[in-house]
Structures are given as C-alpha cells and as structure tokens.
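Down below is the structure, laid out as structure tokens.
The values are calculated or read from the model by the stated rules, or taken from the named source; none is laboratory data. Since we're looking at a predicted model, the values are computed, not measured. Cβ placement follows ideal geometry from the backbone for every residue including glycine, while neighbour counts extend to all protein chains displayed. Just the protein is used for accessible areas: all its heavy atoms, side chains included, with ligands, DNA and RNA removed. Shrake-Rupley method; radii C 1.70, N 1.55, O 1.52, S 1.80 Å.
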Amino acid sequence: MKILLVEDEERLASFIRKGISAEGYEVEVAYDGRAGLDLFRREIYDLIILDVNLPQINGFELCRLIRSENETIPVLMLTALDSLADKSDGFNAGADDYLAKPFEFQELLLRLRALTRRSGSRPKQILRLADLELNLDTKTVTRAGKRIDLTTREYALIEYLMLNKGKIISRVDISERVWSLNFDTNSNVIDVYISYLRKKIDKDFSPRLLHTIVGMGYVLRED
Ligand code: CA
C-alpha cells in the first residue's frame with residue numbers, strides 16, 4: 001500500500017510519515033503542491049493525503065487536478081481550516097474524506113484504513129496491449145510471456161505510454177511526465193529512449209506496437 005503525502009510543514013510531514021510507515025504503509029512526501037502533482041503523475045499510489053494550505057498549488061486545486069486524471073484514487077484532505085465552507089470546498093474538489101488539524105494520530109489511521117478498505121482489494125494492476133503486459137505493482141514488463149529488462153527511465157516511458165495506449169503522446173507530454181522537465185526542442189533524448197524501447201519491446205516481436213506519428217509524437221497501438 002503506497003501513500004503520497006503532500007504537506008509543507010516538515011515536522012508534521014515527518015510525524016505522519018513515521019507513524020504510518022510503522023503501520024506498514026509505504027509513504028512518499030512532497031512539500032509543495034507542484035512536487036505533489038509531479039509525484040502523482042510519475043508514480044502509482046493507493047491513496048493521497050493532502051494538506052490544504054500548500055505552496056505552489058493549494059490542496060483544493062491539487063485535488064481537482066488529481067481527480068481530473070484519476071477518478072478513483074482515495075484522497076484524504078488535512079487542514080487547519082475547520083469550517084463547514086472549507087469542508088464542502090474539499091468535497092467539491094473531489095476529496096473522499098477530510099480531517100481537521102490538530103488531529104489524533106489514531107484518528108488519521110482509522111480514516112486511512114476506512115478509505116483503503118472502501119477502495120477495495122485492488123485487482124492486480126496489469127496493463128495489456130496485444131501480447132505486451134505491464135504490471136504496475138511489480139513494475140515488470142513481458143512480451144509474449146518473455147520478461148523484458150528495462151532501465152528505470154525506459155520503464156517510466158513505457159508505463160506512461162501504456163497508461164495512454166491508443167492515444168498520440170507528444171514529446172512535450174513525455175518530457176513533462178517522464179522527465180519532469182521541458183527539453184529544448186532540439187534535444188533528441190526522447191527519440192533515443194524511444195529507440196531503446198523499440199529494440200526491447202518490438203524488434204523481436206510482431207506486430208509492432210510503438211509507432212512514431214511524424215510531427216505529433218508517439219503512440220502504442222496494435223496496427
Ligand atoms: Ca500547510
């Protein structure tokens with residue numbers, strides 16, 4: 001069970017991280033809204049804990065952005081603003097639950113357990129395209145049953161393409177989502193990684209899955 005915690009108060013973040021790690025959850029912390037959004041887009045989490053008052057992107061806005069990309073991930077909002085209006089802002093933004101600071105740690109745990117139970121025992125997260133399989137839990141890729149060894153960056157790239165299979169993904173999308181930065185337009189880093197991936201997932205197999213759409217980007221699809 002992997003949790004993303006977005007909280008700018010470092011002492012509180014550290015307190016929560018230690019406490020819920022001790023309960024067996026894996027926790028990653030972002031200290032501002034922008035970093036939280038980047039992590040959310042790069043990794044797969046089971047639950048997100050969001051503070052409301054955050055630098056860069058506030059918690060409500062971040063919650064809205066997360067919801068626009070993932071409708072099901074449970075989101076628990078933390079805030080010192082314990083007014084009814086703030087609560088309804090949180091729910092309008094798509095939060096599943098709301099906890100006012102200061103809170104007892106046990107209360108946080110109860111909410112986490114309730115939310116993760118509600119989201120149910122997740123089916124194994126496997127993405128498939130033809131005979132290409134990607135397991136989001138173990139971060140492994142196989143084609144025709146054969147394990148394909150990828151570097152971390154190659155994996156991030158194929159995972160992003162698989163999550164968007166059938167859609168044309170621009171180089172800008174890839175540089176933002178997979179590298180978290182904008183390359184200048186002359187950089188050929190992405191082309192290089194696409195060609196690495198092609199060698200590994202397409203060269204010895206058929207049909208070809210990874211296509212270049214000239215002037216637009218890349219797409220994973222069967223034709
Ligand atoms: Ca804060």
- Item | Every residue from the range 39-53 that is open to solvent by less than 20 Å² (accessible area, probe 1.4 Å) and more than 25 Å from ASN135 (Cα to Cα) | LEU50, ASP51, VAL52
- Query: If we keep just the residues of the range 72-87 that are open to solvent by 10 Å² or more (accessible area, probe 1.4 Å) and more than 23 Å from TYR160 (Cβ to Cβ), which is farthest from the ligand (Cβ to nearest atom)?
  - Reply: LEU84
- Task: Exactly one condition in (1) at pLDDT below 90; (2) surrounded by 14 or more Cβ atoms within 10 Å (Cβ to Cβ) is not met by PRO123; state its number.
- Result: (2)
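Could you look through the range 97-110, keep only residues that are open to solvent by less than 60 Å² (accessible area, probe 1.4 Å) and more than 16 Å from the ligand (Cβ to nearest atom), and pick out the one that is modelled with the lowest pLDDT? Show your work before the answer.
Within the range 97-110, the first condition is being open to solvent by less than 60 Å² (accessible area, probe 1.4 Å), and the residues that meet it are 97-101, 103, 105, 108-109.
Then drop every residue that is not more than 16 Å from the ligand (Cβ to nearest atom), which leaves 97, 105, 109.
Values: ASP97: 89, PHE105: 92, LEU109: 92.
Among them, the one singled out is ASP97.
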- What single numbered condition from (1) at pLDDT below 90; (2) more than 30 Å from LEU78 (Cα to Cα) fails to hold for ASP137? (2)
- Query: Taking interchain pairs and intrachain pairs at least six residues apart, which have beta carbon atoms under 8 angstrom, with the first residue in the range 85-97 and assigned by TED's automatic domain parsing to the domain that holds VAL75 and without any contact (Cβ under 8 Å) to a residue 40 or more places away in the chain and the second acidic (Asp, Glu) and open to solvent by 60 Å² or more (accessible area, probe 1.4 Å)?
  - Reply: ALA93/GLU61
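Can you tell me which of GLU69, GLU61, GLU7 is in contact (Cβ under 8 Å) with a residue 24 or more places away in the chain and loosely packed, with under 14 Cβ neighbours inside 10 Å?
GLU69
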- Of the residues in the range 10-22 that are surrounded by fewer than 19 Cβ atoms within 10 Å (Cβ to Cβ) and of a type in the set (A, V, I, L, M, F, W, C), the one that is nearest to the ligand (Cβ to nearest atom) is LEU12
- Does the range 187-196 contain at least one residue that is open to solvent by less than 50 Å² (accessible area, probe 1.4 Å), touching a residue at least 12 places away in the same chain (Cβ under 8 Å), closer than 17 Å to VAL141 by Cα and in contact with a helix residue (DSSP H, G or I) (Cβ under 7 Å, 6 or more places away or on another chain)? no
- Message: Just to check your reading of the model, which residue among ILE57, ILE48, ILE44 is of a type in the set (Val, Ile, Thr), in a loop (DSSP other than H, G, I, E, B) and within 16 Å of the ligand (Cβ to nearest atom)?
- Response: ILE57
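Among the residues of the range 23-38, is any within 19 Å of the chain's Cα centre (by Cα), open to solvent by 70 Å² or more (accessible area, probe 1.4 Å) and within 12 Å of the ligand (Cβ to nearest atom)?
yes
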